[in-house]
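For reference, the structure discussed in these notes is given below.
The values are calculated or read from the model by the stated rules, or taken from the named source; none is laboratory data. Just so it is clear, the model here is predicted, and its values are computed rather than measured. Cβ placement follows ideal geometry from the backbone for every residue including glycine, while neighbour counts extend to all protein chains displayed. Accessible surface is based on the protein model in full, side chains and every heavy atom, while ligands, DNA and RNA are left aside. Shrake-Rupley method; radii C 1.70, N 1.55, O 1.52, S 1.80 Å.
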Amino acid sequence: MWYAAVAAGSFRRYATYQIATVAGVFTNTVFGFIVAYTYIALWDERPHLGGYDQAQALTFVWTAQALLATAALMGGGGLEELQERIRSGDIAVDLYRPADLQLWWLSADLGRAALQLLGRGVAPMAVGALAFPLALPGDPLTWGCFLLSVLFGVLVSFALRYLVALASFWLLDGSGLSLISGLACMFFSGMLLPLRVFPGGLGEVAQLLPWAAVLQTPADVLVGALSGGALVRGLVFQAAWAVALLALGRLVQSAATRKVVVHGG
């Protein structure tokens with residue numbers, strides 16, 4: 001119940017930023033149109049590129065826009081506050097709380113992600129569906145699998161960002177590492193271009209990296225590129241990365257907090 005309250009509080013906190021949410025919806029929608037028309041031109045020249053037809057490719061575009069803030073594809077997602085608390089030494093107060101540090105921030109991130117999915121995810125996808133012929137599923141089971149895949153993707157995203165934030169225990173300024181991590185996520189998640197389109201070995205390796213679990217897998221579930229056994233393997237792939245990265249986060253957290261030294265003494 002303690003962590004559920006943290007998640008609910010985080011949801012309410014982000015819900016208060018209504019103007020920011022509206023601005024985010026507008027931005028995601030505009031970029032969605034720009035990328036969608038780029039994809040139309042590309043798929044007109046290369047039909048079935050990456051194994052997608054044009055409708056599936058357009059669905060991928062709007063799924064990416066719907067998950068941009070939800071899965072924090074460009075980094076951040078509230079964990080920059082954790083970095084600042086580590087830098088300032090306020091993390092010492094957090095460690096005195098009767099709650100696990102990782103679970104606390106994970107709960108807060110899940111609350112944030114839920115709000116962003118509803119606030120900045122549904123509207124751009126609805127606009128995209130009205131403006132373009134999307135390959136959206138018609139059965140509730142596929143939508144349920146998609147939402148489960150999104151949850152796993154958010155867990156992987158959080159685990160990666162949490163590791164970056166924990167690096168601030170050893171770095172005086174973690175902003176550079178955060179920038180690198182955000183760029184890696186944008187490229188290897190499929191945000192810029194679906195990983196299935198990447199050539200040869202690069203594409204094969206990219207689809208095995210954890211960032212693929214953040215966007216590429218949920219998008220493939222939604223457009224129907226994964227079904228049957230492939231769908232199960234995709235969800236297991238996401239869950240495995242989530243468990244592995246969260247476990248690594250606990251190890252790094254343990255090493256970082258074994259002896260906390262606040263800057264200045």
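From the P(r) of the stretch 1-264, could you give the percentage of C-alpha pairs in the tail past 27 Å? Kindly include the intermediate steps, with their values, before the conclusion.
Values: 13201 of 34716 pairs.
In whole percent, the long-distance tail amounts to 38.
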Legend entry - Residue-normalised accessible area of the chain, given per residue in Å² at a 1.4 Å probe: 48
Inset, instruction - Evaluate the distance, in nm, between pseudo-label points positioned 7 Å from the Cα of residue 171 and of residue 16 along their respective Cα→Cβ axes. - result: 3.0
Legend entry - J(HN,Hα) series, the stretch 160-171, from Karplus relation 6.51 cos²θ - 1.76 cosθ + 1.60, nearest Hz, glycine and proline x: 5, 5, 5, 4, 5, 5, 5, 4, 5, 5, 10, 9
Legend entry - GNM top mover of 230, 242, 72 - the chain, alpha-carbon springs below 10 Å: 230
Inset, instruction - Calculate the dipole size of the chain relative to its Cα centre from +1 charges on Lys and Arg beta carbons and -1 charges on Asp and Glu beta carbons; express the result in debye to the nearest 20. - result: 540
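Could you work out what % of the accessible surface of the chain is carbon and sulfur, using a 1.4 angstrom probe and leaving DNA, RNA and ligands out of the count? Kindly include the intermediate steps, with their values, before the conclusion.
On the way: 8860 of 12660 Å².
Carbon and sulfur atoms account for 70 percent of the accessible area of the chain.
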Legend entry - Relative contact order (%) - the chain, alpha-carbon pairs under 8 angstrom, separation at least six: 27
Inset, instruction - Among 255, 108, 165, determine the one that fluctuates most according to a GNM of the chain built with springs between C-alpha atoms less than 10 Å apart. - result: 255
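Is the C-alpha gyration tensor of the stretch 7-73 telling us rounded, prolate or oblate? Criteria: a/c under 1.5 is rounded; beyond that, a/b larger than b/c is prolate, otherwise oblate.
Judged from the Cα gyration tensor, the stretch 7-73 comes out prolate (a/c at least 1.5, a/b above b/c).
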Inset, instruction - Sorted from largest down, give the three principal axis spans of the alpha carbons of the stretch 64-193, whole angstrom values. - result: 51, 31, 19
Legend entry - Residue with peak Gaussian network fluctuation, the chain [Cα springs, cutoff 10 Å], from 77, 228, 144: 228
